[in-house]
Amino acid sequence: MISLQEGIVPEIRVRSDYAVIAITKHGVELARNLLRSFGGVDVYYMSKFTRGDEDVVSAGSAEGLTSASADGGRAAGSSVAGAEASARAEAANAAVSAADIAPAGTAGTTPVDAAAPSTASSPYGGIQLFEGSVRMLFPALFPAYKGIICIISLGAVVRMIAPLLQDKKKDPGIVVIDDKGEHVISVLSGHLGGANELAREVAAAMGARAVITTASDVQKTIAVDLFGRRFGWEWESADKLTPVSASVVNEEQVAVVIESGEPGWWTLDTPVPPNIRSYGSVQEALEAGPHAALVVTHRLLSSAEQAILSNGVLYRPKVIVLGIGCNRGTPAEEIEEVIASTLAELDFSIRSVKTVCTINLKADEEGLLAVCGKYGWPLVTYTPEELNEMPMNQPSPTVFKYTGAYGVSEPAVQRYIGGFVPLALVKKKSGNVTISVGIQPFTEELPQ
């Protein structure tokens, strides 16, 4: 809990380059949705809106603390979030280890918001609560973040940040979102501070309208740290963000490798700059010998492919769809272990998991809900009739006897990704769990 007091700069946990602040009930919902869909942000909201799944470590007692620095510079350690998350994800991938469904449960598509556990690995661990006037929070946020997203009225934000302004080379990008989430306004440091691009990416992630009022947008190129954010892409490590960004703005040869994920990454109304070229594979890009690379893939790179990251950033798109079946009462630890070990066997990153699908009889399965809550994965459920409409390689009369469906994990994935698409893993049984794995296809052509 952050207790705000007049004249005292509070200590905060800085784990990202971007902060989101909300002070209303609707604003909190928008902030929590942004944390899930946009990713890589620190969220702050008033303690009276607590859900019980926010940051369980007190800001005043944990490592990684920061407060406003004397020279107004950004606090150290604000870019470690990606590296820490990457380490957790790859450790989970290395874990060791799917019995189809037993009856019981209820129908429907299950939100996991209420099921998210209050642990450090919870997707809501990036939320910090405060009490007192939000005005007193800004002196700590201003020097600590590259961008601040305020779900607060524009006039109030202007009054609160006015005493903190220095110049456009130092001030963070400030973006304001209205309480209905309809408009995302670039307010301060649109160009040098990146607020224009931040507003565009946030608006795209929310399905809102970006409001840009500057006469021109001088960059007209890729913002490396925001690349693919509108799709939920996450960069795996912050180590090369700065040098790769330098290659982009200095017009050096930059390779963009899109092996999976949404292809519509070029969002500006101008042609792709000639120094940026698209490639369909890491190997193809390596042969071209670019100065820098942006690699988008759900795969774990081989040792030979790692060379592309000598001056490259690796992004994880949300494309992996998991079909899960489990016996009633299967522990979360067993389900998580099967998922992690299966992805490791496939050389897939757990950070690219988009969703988990199952039969509606499992909508209340505690272990499954706990795993989905821990990683922030939506749990999508289908009726037996919906599952039976999908193609199945191994229909099971036994499963049908208990569930009314001839299969669960395999047809659930097929249903989600559109059916009749070859799966990365048709079905695997391990103890009490059955798992199938599919990759969400996209058909739009890459920019040239």
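In region 316-341, what residues are over 20 Å from K427 (Cα atoms) and crowded, with 24+ Cβ neighbours inside 10 Å?
Selection gives R316, P317.
Within region 253-262, track down each residue that is closer than 23 Å to N196 by Cβ and open to solvent by 10 Å² or more (accessible area, probe 1.4 Å).
E262
What residue, of A19, A85, is of a type in the set (A, V, I, L, M), under 24 Å from the mean Cα position of the chain (by Cα), open to solvent by less than 30 Å² (accessible area, probe 1.4 Å) and modelled with pLDDT under 50?
When all the criteria are applied, what remains is A85.
When the residues of region 352-361 are filtered to those that are buried (at least 24 other Cβ atoms within 10 Å of the Cβ) and modelled with pLDDT of 95 or more, which remaining residue is farthest from the chain's Cα centre (by Cα)?
This residue is I359.
Let me spell it out: the conditions are (1) among the hydrophobic types (A, V, I, L, M, F, W, C); (2) outside any loop (DSSP other than H, G, I, E, B); (3) touching a strand residue (DSSP E or B) at 6+ places or on another chain (Cβ under 8 Å), and L301 meets all of them except one. Which number is the exception?
For L301, the failing item is (2).
Given (1) touching a helix residue (DSSP H, G or I) at 6+ places or on another chain (Cβ under 8 Å); (2) outside any strand (DSSP E or B); (3) modelled with pLDDT of 95 or more, where does E337 come up short, assuming only one miss?
(1)
Look at region 224-264 and say how many of its residues are of a type in the set (K, R) and under 18 Å from the mean Cα position of the chain (by Cα).
Count: 2.
Tell me which strands (runs of 3 or more DSSP E) are completely within region 126-206 and hold 2 or more residues being open to solvent by 40 Å² or more (accessible area, probe 1.4 Å) and in contact with a Gly (Cβ under 6 Å, 6 or more places away or on another chain), or say none if there are none. First the steps, then the outcome.
Values: elements: 127-131, 147-151, 173-177, 183-188.
Here the list is empty.
Give me the pairs: first residue in region 403-421 and among the charged types (D, E, K, R), second residue assigned to a loop (DSSP other than H, G, I, E, B), beta-carbon distance under 6 Å, and six or more apart or on different chains, which are they?
E410/M392; R415/M390
Out of all the residues in region 314-334, is one or more small (G, A, S) and within 21 Å of G39 (Cβ to Cβ)?
Taking every residue of region 314-334 in turn, none turns out to be small (G, A, S) and within 21 Å of G39 (Cβ to Cβ).
Within region 390-405, track down each residue that is in contact with a helix residue (DSSP H, G or I) (Cβ under 6 Å, 6 or more places away or on another chain) and farther than 15 Å from N360 by Cβ.
M392
All but one of (1) within 24 Å of the chain's Cα centre (by Cα); (2) more than 21 Å from A204 (Cα to Cα); (3) surrounded by fewer than 16 Cβ atoms within 10 Å (Cβ to Cβ) hold for L268, so report the exception by its number.
Going through (1) within 24 Å of the chain's Cα centre (by Cα); (2) more than 21 Å from A204 (Cα to Cα); (3) surrounded by fewer than 16 Cβ atoms within 10 Å (Cβ to Cβ) one by one, L268 breaks only (2).
Output the number of residues of region 146-181 satisfying the condition of being of a type outside the set (A, V, I, L, M, F, W, C) and under 21 Å from the mean Cα position of the chain (by Cα).
4
Pairs only if they're at least six apart or on different chains, beta carbon under 9 angstrom, first in region 331-346 and within 19 Å of R299 (Cα to Cα) and of a type in the set (S, T, N, Q), second in a helix (DSSP H, G or I) and open to solvent by less than 50 Å² (accessible area, probe 1.4 Å); list them, first residue then second.
Listed by first residue and then by second, the contacts come to S341/N93.
The values are calculated or read from the model by the stated rules, or taken from the named source; none is laboratory data. Just so it is clear, the model here is predicted, and its values are computed rather than measured. Neighbour counts run over all protein chains shown; Cβ positions are idealised from the backbone, glycine included. Accessible surface is based on the protein model in full, side chains and every heavy atom, while ligands, DNA and RNA are left aside. Shrake-Rupley method; radii C 1.70, N 1.55, O 1.52, S 1.80 Å.
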